[in-house]
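Below is one structure; the comments refer to it alone.
We did not get these values from a lab; they are worked out from the coordinates using the rules stated. As the structure is a prediction and not an experimental result, all values here were calculated from the model. Counting neighbours? That spans all protein chains shown, and the Cβs are built from the backbone with ideal geometry, glycine included.
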Amino acid sequence: MQTSFILSASLAIHAAIVANEADIESLDRAIGDGDHYINMKRGSEAAASMYNELLALPADEALNKIGSKLLSTIGGAAGPLFASFCMGMAKIVKHNGGNTALEIAAAFAAGVQAIVQRGKAQVGEKTMLDVLVPVSTHFTLLAAEGKSNIEIARALKLTADQGLESTRNLIATKGRAAGLGERAIGHLDAGAKSCQVMVHTVCDLVIQGKNS
Ligand code: ADP
Ligand code: MG
């Protein structure tokens, strides 16, 4: 995995979060406390601003530094969770290099697993995991089938859309929306929306051939 790709992804994610302000903000306002957009904006801005500092580092070190930065800049539940994701990914990239789709899928899966361990949630609890877990599972499957990077990226965008949509009719059992019971039904989860936006953004970079 090239550090330059991680950094391009950080810049693109920051731009995409800002472009989706209205959606992300209104979802956390509806069933959370309304700070998720600010948290995501602050975190993605901090990661993007590390561009020059990280460019010469190996990918795993860059991911670890981004993780530490997210931990100190994003408040709320999302900060430690996204920090765990980056650090979980870094551990695997350090060992496998993250150069093939299968290796990147393994690193992504480790990142998602780190979120599971940190947040003690699972699929079906109306969180970001309702996007990330199916994307990770599908990623590993498609990579194992030998699909091209572009085929994988196109497919994972749809998986992320379905994961996001799946949160609409769930009752939240983790996070701030957990106290709302059935009143959360009908609303998408804000963290799932951020993750869908980020998956789309990274997949679009791959589809546009900007992953080398
Ligand atoms: P806070 O909930 O502290 O206000 P944010 O608003 O930034 O933090 O993040 C809320 C999002 O974090 C939720 O929409 C949900 O997707 C995600 N989330 C909350 N708790 C968990 C958890 N235990 N595991 C995974 N994701 C979680
Ligand atoms: Mg919130």
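With the dipole of the chain worked out from charges on the C-beta (+1 for Lys and Arg, -1 for Asp and Glu) around the Cα centre, which of Ser68, Phe5, Leu102 lies farthest toward the positive end?
Ser68
Counting only other residues whose beta carbon sits under 10 Å from that of Val199, what net charge do I get with K and R as +1, D and E as -1? It would help to have the intermediate numbers written out before the result.
Working: positive: Lys157; negative: Asp161, Asp204.
With Lys, Arg at +1 and Asp, Glu at -1, the net is -1.
Let me know the charge dipole size of the chain about its Cα centre in debye, to the nearest 20, where only the beta-carbon of Lys, Arg (+1) and Asp, Glu (-1) is charged.
Details: 19 positive and 20 negative charges, 62 e Å.
I would put it at about 300 debye.
Quick one: compute the contact order of the range 3-207, relative version, from alpha carbon pairs under 8 angstrom and 6+ residues apart, as a percent.
Numbers: 340 pairs, mean separation 46.7, N = 205.
It comes to 23 percent, rounded to a whole number.
What is the spin-label model distance, in nm, from Ile171 to Ser4 if the labels are put 7 Å beyond Cα along the C-beta direction?
According to this spin-label approximation, the distance is 5.2 nm.
Of the listed pairs Lys65/Lys174; Lys147/Lys210; Lys41/Lys193; Lys69/Lys120, which have alpha-carbon separations greater than 20 Å here?
Numbers: Lys65/Lys174 28 Å; Lys147/Lys210 18 Å; Lys41/Lys193 14 Å; Lys69/Lys120 22 Å.
Distance filter (> 20 Å) returns Lys65/Lys174; Lys69/Lys120.
Any idea how far apart Glu45 and Ala15 come out in nm if each label point goes 7 Å out from Cα toward Cβ?
Result: 1.8 nm between the two label points.
Only helical DSSP H runs with n ≥ 4 go in: add -39500 (n - 2.57) per run for the chain, normalise by residue count and round the 222 nm mean residue ellipticity to 500 deg cm²/dmol. Working shown, then result.
On the way: 10 runs with 150 residues, N = 212.
Calculated from helices alone, the mean residue ellipticity at 222 nm is -23000 deg cm²/dmol.
Evaluate 2.2 N^0.38 Å with N set to the residue count of the range 145-212, then give the Cα radius of gyration divided by it. Walk me through the numbers before you get to the answer.
Numbers: Rg = 15.1 Å, N = 68, 2.2 N^0.38 = 10.9 Å.
The reported ratio for this selection is 1.38.
Positive end of the charge dipole of the chain (Lys, Arg +1 and Asp, Glu -1 on Cβ, about the Cα centre): tell me which of Tyr37, Asn169, Val116 has its Cα farthest that way.
Going by the charge dipole, the pick is Val116.
Please name which of Leu156, Val133, Gly209 has its Cα lying farthest along the dipole of the chain towards the positive end, using unit charges on Cβ (Lys, Arg +1; Asp, Glu -1) and the Cα centre as origin.
Farthest towards the positive end: Val133.
Based only on Cα atoms, what Rg/Rh ratio does the range 1-126 have, Rh being taken as Kirkwood's radius? Show your work: numbers first, answer last.
Working: Rg = 14.6 Å, Rh = 14.9 Å.
Ratio value, two decimals: 0.98.
Given charges of +1 on the Cβ of Lys and Arg and -1 on the Cβ of Asp and Glu, with all other atoms neutral, how large is the dipole of the range 94-212 about its Cα centre, in debye to the nearest 20? Can you show the working numbers first?
Working: 13 positive and 10 negative charges, 72 e Å.
That gives a dipole near 340 debye.
Please give the net charge around Gln162, taking every other residue with its beta carbon less than 15 angstrom from that of Gln162, where Lys and Arg add +1 and Asp and Glu add -1.
Values: positive: Lys126, Arg154, Lys157, Arg168, Lys193; negative: Asp130, Asp161, Glu165, Asp189.
That works out to +1.
Using the Cβ atoms and a cut-off under 12 Å, what net charge is assigned to the surroundings of Ala46, where Lys and Arg are +1 and Asp and Glu are -1?
Once all neighbours under 12 Å are counted, the net charge is +2.
In 5 Å bins starting at zero, report the fraction of Cα pairs in the chain per bin as a rounded %.
With 5 Å bins starting at 0, P(r) equals 1, 8, 15, 21, 23, 17, 9, 4, 1, 0.
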